[in-house]
Structure formats: structure tokens, C-alpha cells
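Chemist: Here it is: the structure, laid out below.
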Amino acid sequence: MPPATKQPPGQTVKPATGLVRRARRMIRALSEAFPDARAELDFTNPLELIVAVVLSAQTTDVRVNLTTPALFAKYRTAEDYASADRTELEELIRPTGFYRNKAAALIGLGAALVERFGGEVPGTMEELVTLPGVGRKTANVVLGNAFGVPGLTVDTHFGRLVRRWEWTAEEDPVKVEYAVGALLPPKDWTMASHWIIFHGRRVCHAKKPACGACLLARDCPSYGTGPTEFETAAKLVKGVEAEHLIALAEKAGKPKRGKAAS
């Protein structure tokens, strides 16, 4: 299938060769760091995934995963959501927050799927973004993880990291998607999203990144934003992969004179 992320009409500016090489080198390092990276929302089919993504707004994937088993057991089809009793649905999803708005979104989503797509989640960007509450980010999550269509998921972590790495200065998520898509081969887009998001959650934190224990230190132009002393930085690394990530950082070494490699 063709990738979901395409350059907008008229875009002809190509990124500098040095930036492309650095971005791809960093992605190779992240692939070694997070070989088991995946969507951290639990699902077994496209409908469950799109519902989980809707519920993930303004909450954590962990909270969504604690909520969805009971939800998915009761609501198995788009028709089930379309005809749901709003009060019952709200109670099931209450732990995810903003449950009234989310219940309305799920009922509307179910109705749109039934009316326009025979109750099935469509498999193209053009169709997905016509659904209520579904933007490019949600569509790319569904396409990449449920349909195998390459796409970049620009969430808060993704946007923060690629700007910190100076892959792009864009703030608009769609422009970020296009800019990063020009740096990486389409076959890597879906996994690159996972690798970058994993790194943002475990190492490159928003307020205090673990710079001194980061395997990307030699390629990061923002090295020094967080503590550079190894022992201090290592304490900031999170997740079950922490020991593995710290070992990779030790092996990669720090930038010479405190600057990233060009």
C-alpha cells in the first residue's frame, strides 16, 4: 500500500544531505535501543485501536489499557457504539477523563462507520479523516498499526524531540509530518514514530532529559539541555529497558567538547 504521509503539492525543497544522514543514523540507533517498540495501546482489530486512540486524549496509555478490556467486551462492533446507551458508555470510560465528550465522540464514530463504511474502519487517510474526531495523527496510528500503511504519528513527544534534534523547526503537526517524512525512508515511518515516542517517554524528557546517559548524545544538537554527568543522567532513564539504554549510551560515548557530531 502507498504510504499515508505524502509531501503537499508544490513542495520541492529537499532537506540537506547532512541532516538526512544524521536523522537516519539516529533512527538506526533508536531501532537498536527499542527493538520491541510498538503502539502502547492494547487492541486486536482496527475498531478497537481507533476507539483506544480516541480514549487516549488527555490521559495515559496505561489508563486506557486498564479501561478498554471491559469496554471491548461489551462493545464489539461499530453498531454497538452507534446504539450505545450514553450513560452506560460514560460510566465505562469515566477513568480516562473527559468521559462525556469521549462518549459522544464514540457514538458519533460508530454511527459514521455504520452509515458510510458498512460498519468497518476504512483503510485510507482520505476516508479516515472524514470520521468525527479523527485527525491525521489518529489516522496515522490506525493506518500504521492496523493496516500496515506507513505513516508518521506526530504526538507531543514526537514533535518535541524532532525539534530538539533540529530535524525541523515547524510547530504545526502536519508540517512536522511532512518535514520528517522527507528525511526518512517510507518503510521506516511507522516504526520511527514508535522509536521516537519511546525515547521521549524514557530518556529525552521534556523538562529534564537524560543527556549524559543518552545513546544519541553525539548526534544531538541540544546535548546539555539536561544533566550531562553520567551518574546523574542515568537516574533519569525510565522504563523496563533502562539498563539496556544506559549500556548503549555508555558504548556510544559523549560528544567531543560538548557538541553533537555533524
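The values are calculated or read from the model by the stated rules, or taken from the named source; none is laboratory data. Since the structure is predicted, the reported quantities are computational estimates derived from the model, not experimental observations. All Cβ positions, glycine included, derive from the backbone under ideal geometry; neighbour counts span all protein chains shown. Only protein heavy atoms, including side chains, enter the accessible area calculation; ligands, DNA and RNA are left aside. Shrake-Rupley method; radii C 1.70, N 1.55, O 1.52, S 1.80 Å.
Chemist: Using a cut-off of 15 Å between beta-carbons, work out the net charge of the residues near residue 156 (Lys and Arg +1, Asp and Glu -1, residue 156 not included).
Modeler: Working: positive: 136, 137, 160, 163, 164, 201, 202, 207; negative: 40, 61, 155, 170, 171, 172, 177.
With Lys, Arg at +1 and Asp, Glu at -1, the net is +1.
Chemist: Work out from phi, with θ = phi - 60° and the Karplus expression 6.51 cos²θ - 1.76 cosθ + 1.60, the ³J(HN,Hα) of each residue of region 85-93, listed in order in whole Hz, and give x for Gly and Pro.
Modeler: Karplus-based 3J(HN,Hα) across region 85-93 equals 6, 4, 5, 5, 5, 4, 5, 5, 9 Hz.
Chemist: Only loop residues by DSSP count here, and only those with at most 12 other Cβ atoms within 10 Å; note down the GluC sites (Glu not before Pro) in region 142-207 that meet that. Don't jump to the answer; show the numbers that get you there.
Modeler: Numbers: sites: 166, 170, 171, 177; in loops: 166, 170, 171.
Taking region 142-207 and a limit of 12 other Cβ atoms within 10 Å, the loop GluC sites (Glu not before Pro) found are 171.
Chemist: For region 1-146, state what percent of all Cα-Cα pairs lands in each successive 5 Å bin, counting from 0 Å until the bin that includes the largest distance.
Modeler: 2, 9, 16, 19, 18, 12, 8, 7, 6, 3, 1, 0
Chemist: For the chain, which whole percent of the accessible surface, found with a 1.4 angstrom probe, sits on carbon and sulfur atoms?
Modeler: Numbers: 6870 of 12980 Å².
Heavy-atom surface of the chain belonging to carbon and sulfur, 1.4 Å probe: 53 percent.
Chemist: Which lysines, if any, have their Cα less than 25 Å from the Cα of residue 175, not counting same-chain residues under 8 positions apart?
Modeler: Here the lysines satisfying the reach criterion relative to residue 175 are 6, 14, 137, 187, 207.
Chemist: When you count, for each residue, the other Cβ atoms within 10 Å and take the mean per peptide, how do 45-57, 15-27 rank with the highest first? Don't skip to the end; give the middle numbers.
Modeler: Working: 45-57: 21.4, 15-27: 15.5.
Listed from highest to lowest mean packing, they are 45-57, 15-27.
Chemist: Is it possible to state the helix-based mean residue ellipticity at 222 nm for the chain, with each DSSP H run of 4+ residues giving -39500 (n - 2.57), the sum divided by total residues, to the nearest 500 deg cm²/dmol? What is it?
Modeler: Working: 13 runs with 136 residues, N = 262.
-15500 deg cm²/dmol, from helical runs alone.
Chemist: For region 198-262, which GluC sites (Glu not before Pro) are both in a DSSP coil and crowded by at most 10 other Cβ atoms within 10 Å? Before the final figure, lay out the partial values.
Modeler: On the way: sites: 229, 231, 241, 243, 250; in loops: 229, 241.
Hits after loop and neighbour filter: 229.
Chemist: Accessible area per residue, 1.4 Å probe, Å², for the chain: what's the number?
Modeler: Working: 12980 Å² over 262 residues.
In whole numbers, the chain has 50 Å² accessible per residue.
Chemist: Using θ = phi - 60° and the Karplus curve 6.51 cos²θ - 1.76 cosθ + 1.60, what whole-Hz ³J(HN,Hα) does each residue of region 220-237 get, with Gly and Pro shown as x?
Modeler: 9, x, 9, 4, x, 4, x, x, 9, 5, 4, 4, 5, 5, 4, 5, 8, 6
Chemist: On to the next question. List the lysines whose alpha-carbon lies under 21 Å from that of residue 251, not counting same-chain residues fewer than 8 positions away?
Modeler: Hits, sequence-local ones excluded: 235, 238, 259.
Chemist: So if I take the alpha carbon set of region 143-223, get Rg, then get Rh from the Kirkwood formula, what is the Rg over Rh ratio? If you can, show how the numbers build up before the last one.
Modeler: Values: Rg = 12.5 Å, Rh = 13.0 Å.
Taking Rg over the Kirkwood Rh, I get 0.96.
Chemist: Okay, next question. Please list, or write none, the aspartates and glutamates whose alpha carbon is within less than 20 Å of the alpha carbon of residue 256, excluding same-chain residues fewer than 8 places away.
Modeler: Cα-Cα hits under 20 Å: 166, 219, 229, 231.
Chemist: Just to compare against my own numbers: the Cα pair-distance distribution for the chain, 10 Å bins, whole % per bin, please.
Modeler: Histogram of Cα-Cα distances, whole percents per bin: 7, 29, 30, 21, 10, 2, 0.
Chemist: Can you tell me the 0 to 90 degree angle between the C-alpha axis of helix 61-74 and the longest principal axis of the chain, rounded to 10?
Modeler: Roughly 20 degrees between the two axes.
Chemist: Note down the net charge around residue 96, summing +1 for each Lys or Arg and -1 for each Asp or Glu among other residues with Cβ under 14 Å from its Cβ.
Modeler: Values: positive: 63, 94, 100, 102; negative: 42, 61, 90, 91.
Net charge in that neighbourhood comes out at 0.
Chemist: Taking all pairs of distinct Cα atoms, average 1/r, flip it, and tell me the Kirkwood hydrodynamic radius of region 114-160 in Å to one decimal place.
Modeler: Details: mean 1/r = 0.0895 Å⁻¹.
Here the Kirkwood hydrodynamic radius works out to 11.2 Å.
Chemist: What's the local net charge at residue 241, with K and R +1, D and E -1, over the other residues with C-beta under 14 Å away? List each step's numbers first, then the result.
Modeler: On the way: positive: 38, 201, 202, 238; negative: 32, 36, 40, 243.
Here the count lands on 0.
Chemist: OK, next. First measure r as the distance between the Cβ atoms of residue 229 and residue 127, then evaluate 1/(1 + (r/R0)^6) with R0 = 51 Å and state the FRET efficiency to the nearest 0.05. Mind dumping the intermediate values first?
Modeler: Numbers: r = 51 Å, r/R0 = 1.00.
My answer for the efficiency is 0.50.
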